[in-house]
Amino acid sequence: MNFLSRPLDTTIEVVTPENIAFEYQLAGPFRRLPAYLVDVLVRYGIIVVLVITLIFVVGMIDIDVLGAFAIGAGLVSYFLISWFYGAAMETYFNGRTVGKWMFGIRVIDVDGCPITGRRAIIRNLLRIADLAPMSALPSVAMEMPPVLFIPTGIIGLISVICTRRMQRLGDIAAGTMVIVDEKTWRLPVAKIDDPRVAPLASFIPGDYLVSRNMARTLAIYAERRHYLTPGRRAEIARHLAIPLIERFDFVSDVDFDLLMLALYYRTFLADPSQEPANLGPLAGYSPLRRDQNRTVSIPT
Amino acid sequence: MNIAKLLEKRRSNWDELERLCEAMEVRGKTVKAGEQYRGAKGIVRFATLYRGVCADLALADAYHLPPATVTYLHRLVARAHNQLYRSGKFSPVGFFDLIFRDAPQQIFADPCVRVATIVFFGLFALSMYLGYQQSLFPDFADNVVGSEQLSALEQMYDQRIDGSLDHYVSMSGYYIMHNTGIGLQCFAYGILLIPCLYILAYNGVALGTMFGYMAREDVGGSDNFFHFVTAHGPFELTAIALSAAAGLRLGVGLFHTAGLTRMDSMRRSAHRSVPIMAAAATLFVLAAFTEGFLSPSPAPYLLKAGWAIMSSALISFYFVVLGFPRGPRRSPVRGT
């Protein structure tokens with residue numbers, strides 16, 4: 001696909017072995033930062049639990065040398081957990097850590113394949129470079145410079161902004177990207193309850209074919225019109241509705257919003273072989289300009 | 001055409017696929033969705049449904065499906081795809097190949113390894129000499145490490161190694177954490193080049209000075225110090241230099257692209273640095289075991305020195321004999 005024709009969006013296209021191109025939504029820094037913070041908390045939680053267990057066990061079994069061994073073991077496992085927590089979680093839980101799971105994001109290969117252990121290790125080890133440069137609180141820095149370092153993450157942020165797949169340096173090196181993998185799934189189909197839509201749709205000429213772009217526009221409009229006020233709907237719909245009214249030879253006071261819905265109904269919902277809709281009290285109404293002498297138009 | 005009807009027809013299949021995806025989320029087993037999906041049956045059903053959704057997505061344009069539905073299909077296919085192609089597990093054969101074939105060749109051929117080794121061991125040896133020469137450079141050790149640090153170091157090695165096991169065991173735990181941490185930091189910062197070289201040089205100088213200082217005749221705890229560090233020294237120091245080299249390889253890939261795009265250059269240098277890092281990790285593990293079991297033990301110094309000589313010989317064999325270039329067939333990923 002041409003770079004220029006691609007819409008400015010945070011989606012990335014992946015072609016699967018089934019030769020299907022589907023889109024992933026990339027996860028930006030505002031999803032990844034909270035996930036990372038949760039992971040930091042979880043990591044320290046695990047370490048605290050481990051230390052408490054060690055203290056408890058050593059306290060139960062009262063042998064002198066064991067205490068030293070426990071300190072050694074505690075230090076080594078602190079080291080292992082703080083460096084390899086992310087890599088182990090991502091390898092064994094299909095690209096997710098606890099934080100990523102909570103925020104509905106996942107790490108995958110840039111080809112759309114799942115992440116392998118090797119890639120997970122690279123991207124997690126390089127995290128420390130992405131968190132650079134370190135800074136310290138000015139007041140604290142005077143007294144104990146090496147203790148309280150706050151990673152600013154500027155390098156990672158710049159890298160995320162500058163790459164098309166929103167990768168930090170670790171992601172680039174490992175060839176991975178972070179995508180949104182949401183759990184909430186609902187299939188949106190716009191419902192049309194207005195009883196005036198079906199009759200109006202039956203007056204749209206049968207030879208009018210809806211193009212692909214038109215169908216897409218109609219669907220987007222029908223899905224989003226709930227968020228708009230009636231005045232705004234008319235304002236948006238008029239650009240399409242006025243030429244269509246001319247073309248269909250309708251009276252000019254047909255509601256623009258209603259006309260769009262009628263087209264949507266005809267394109268997506270109406271069954272061509274269906275019986276003519278039961279018009280009820282609206283029977284005999286026609287929006288056509290040439291019928292105006294015969295019937296009284298009802299206010300729309 | 002009636003989309004609502006079409007969607008209604010396909011809807012049940014999509015729902016079923018979603019249920020299966022949910023069931024496979026944690027362990028990849030379809031049986032959680034119901035007894036009828038146990039074993040191969042569930043997998044076959046999943047594959048059928050997945051192909052169906054793929055077909056629906058491919059035809060979405062022709063059907064004029066509304067964009068929201070297409071988005072839904074994209075997500076459903078992505079989700080099923082993630083379950084179908086799950087992350088690969090660790091394979092021992094691949095790891096063996098990586099360690100004993102790719103890594104030494106890569107290490108032998110890579111100039112980054114030479115740079116990192118010269119920086120680290122060069123500064124280490126130099127500052128060791130400067131720290132040792134009490135008469136020529138009396139203030140060097142004090143100025144570099146600090147007199148407080150030095151006296152703390154002396155105090156730490158005050159106790160005899162065969163009498164105080166608990167002291168040295170917890171110390172080796174600390175050193176495993178600390179020194180491996182240095183190695184990993186060197187690797188991570190290597191992508192930015194300068195911080196890596198800084199950390200590497202700093203630690204080379206500091207460690208060298210401490211070694212030199214402890215080697216002076218009049219310093220207390222000197223015997224215990226060498227008793228403790230000799231056995232694991234070769235493994236650990238080499239591992240630090242190697243992991244810095246792996247990091248530098250990444251950084252060189254980022255800044256010197258050799259005509260490739262920056263992305264591709266990074267990926268290729270990552271590919272080249274992985275074997276080096278794997279070798280470094282193996283050395284770190286060996287060092288950790290030595291440090292955990294042999295170093296703090298009251299075994300005679302001869303045994304520890306023997307182990308150090310043997311490990312140095314093994315490392316040399318590994319780098320030079322296994323690493324010697326042997327023609328195009330077995331060569332690893334090469335530079336430009």
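Going residue by residue through segment B:150-168, is there one that turns out to be modelled with pLDDT under 90, in a helix (DSSP H, G or I), in contact with a Leu (Cβ under 9 Å, 6 or more places away or on another chain) and within 27 Å of B:Leu242 (Cβ to Cβ)?
There is no residue in segment B:150-168 that is modelled with pLDDT under 90, in a helix (DSSP H, G or I), in contact with a Leu (Cβ under 9 Å, 6 or more places away or on another chain) and within 27 Å of B:Leu242 (Cβ to Cβ).
Of the helices (runs of 4 or more DSSP H) lying entirely inside segment A:26-127, those containing at least 2 residues that are more than 9 Å from chain B (Cβ to nearest Cβ) and at pLDDT 90 or above are A:29-60, A:64-92, A:98-102. Out of all the residues in segment B:209-219, is one or more away from chain A (no Cβ under 14 Å), closer than 18 Å to B:Thr117 by Cβ and touching a Ser or Thr at 6+ places or on another chain (Cβ under 9 Å)? Yes, because at least one residue in segment B:209-219 is away from chain A (no Cβ under 14 Å), closer than 18 Å to B:Thr117 by Cβ and touching a Ser or Thr at 6+ places or on another chain (Cβ under 9 Å).
Test B:Pro275 against the criterion of being touching an Asp or Glu at 6+ places or on another chain (Cβ under 8 Å) and either within 13 Å of another protein chain (Cβ to nearest Cβ) or in contact (Cβ under 8 Å) with a residue 60 or more places away in the chain (or both), and give yes or no.
Taking the combined requirement at face value, the residue satisfies it.
Here B:Thr117 clears all of (1) farther than 20 Å from B:Ala244 by Cα; (2) more than 14 Å from chain A (Cβ to nearest Cβ) except the condition numbered (1). Taking the criterion of being β-branched (Val, Ile, Thr), over 26 Å from B:Phe293 (Cα atoms) and part of a helix (DSSP H, G or I), the only residue of segment B:226-257 that qualifies is B:Val252.
Quick check, is B:His81 closer than 21 Å to A:Thr116 by Cα and facing another protein chain (nearest Cβ under 9 Å)?
Details: closer than 21 Å to A:Thr116 by Cα: yes; facing another protein chain (nearest Cβ under 9 Å): yes.
Judged against the criteria, B:His81 is a match.
Here's the yes/no breakdown for (1) without any contact (Cβ under 8 Å) to a residue 60 or more places away in the chain; (2) facing chain A (nearest Cβ under 10 Å):
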| site | (1), (2) |
| --- | --- |
| B:Ala244 | no, no |
| B:Gly247 | no, yes |
| B:Leu254 | no, yes |
| B:Thr261 | yes, no |
| B:His271 | no, yes |
| B:Phe284 | no, no |
| B:Ser316 | yes, no |
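So, in segment B:55-88, how many residues would count as being outside any helix (DSSP H, G or I), of a type in the set (Ser, Thr, Tyr) and surrounded by fewer than 19 Cβ atoms within 10 Å (Cβ to Cβ)? Counting residues in segment B:55-88 that are outside any helix (DSSP H, G or I), of a type in the set (Ser, Thr, Tyr) and surrounded by fewer than 19 Cβ atoms within 10 Å (Cβ to Cβ) gives 1. Against the list (1) away from chain A (no Cβ under 14 Å); (2) within 17 Å of B:Met156 (Cβ to Cβ); (3) buried (at least 21 other Cβ atoms within 10 Å of the Cβ); (4) among the hydrophobic types (A, V, I, L, M, F, W, C), the condition B:Phe228 fails is (1). For segment B:115-142, the set of residues classified as free of Cβ contacts under 8 Å to residues at least 12 places away in the same chain and within 25 Å of B:Gly183 (Cα to Cα) consists of B:Ile118 only. If you go through segment B:154-181 and pick out every residue that is of a type outside the set (S, T, N, Q) and surrounded by fewer than 20 Cβ atoms within 10 Å (Cβ to Cβ), you end up with 12. Flag not set for A:Tyr44, criterion: among the hydroxyl-bearing types (Ser, Thr, Tyr), within 23 Å of B:His81 (Cβ to Cβ) and in the same structural domain as A:Gly175 (by TED's automatic domain parsing). Looking only at residues in segment B:163-198 that are aliphatic (A, V, I, L, M), within 21 Å of A:Pro133 (Cβ to Cβ) and within 11 Å of chain A (Cβ to nearest Cβ), the one that is farthest from the chain's Cα centre (by Cα) is B:Ile194.
Tallying residues that are away from chain A (no Cβ under 12 Å), in a helix (DSSP H, G or I) and not basic (Lys, Arg) within segment B:14-41 yields 10. Would you be able to say whether some residue in segment B:114-126 is aliphatic (A, V, I, L, M), surrounded by fewer than 15 Cβ atoms within 10 Å (Cβ to Cβ) and closer than 15 Å to B:Gly204 by Cβ? Among the residues of segment B:114-126, at least one is aliphatic (A, V, I, L, M), surrounded by fewer than 15 Cβ atoms within 10 Å (Cβ to Cβ) and closer than 15 Å to B:Gly204 by Cβ, which makes the answer yes. Of all residues in segment A:9-48, those satisfying the criterion of being among the aromatic types (Phe, Trp, Tyr) and surrounded by 15 or more Cβ atoms within 10 Å (Cβ to Cβ) are A:Phe22, A:Tyr24, A:Tyr36. Taken together, the residues in segment A:225-245 that are modelled with pLDDT under 85 and charged (D, E, K, R) amount to 1. Cβ-Cβ distances below 9 Å connect no pair with a first residue in segment B:297-312 that is outside the structural domain of B:Thr230 (by TED's automatic domain parsing), a second residue that is outside any loop (DSSP other than H, G, I, E, B) and at pLDDT 90 or above, and a separation of six or more residues or different chains.
Checking segment A:259-268 against the condition returns a match, with at least one residue being crowded, with 17+ Cβ neighbours inside 10 Å, away from chain B (no Cβ under 14 Å) and modelled with pLDDT of 85 or more.
The values are calculated or read from the model by the stated rules, or taken from the named source; none is laboratory data. Keep in mind that what you see is a predicted model, and the values were worked out from it rather than measured. Cβ sites come from the backbone with ideal geometry, for glycine too, and all protein chains shown count toward neighbours.
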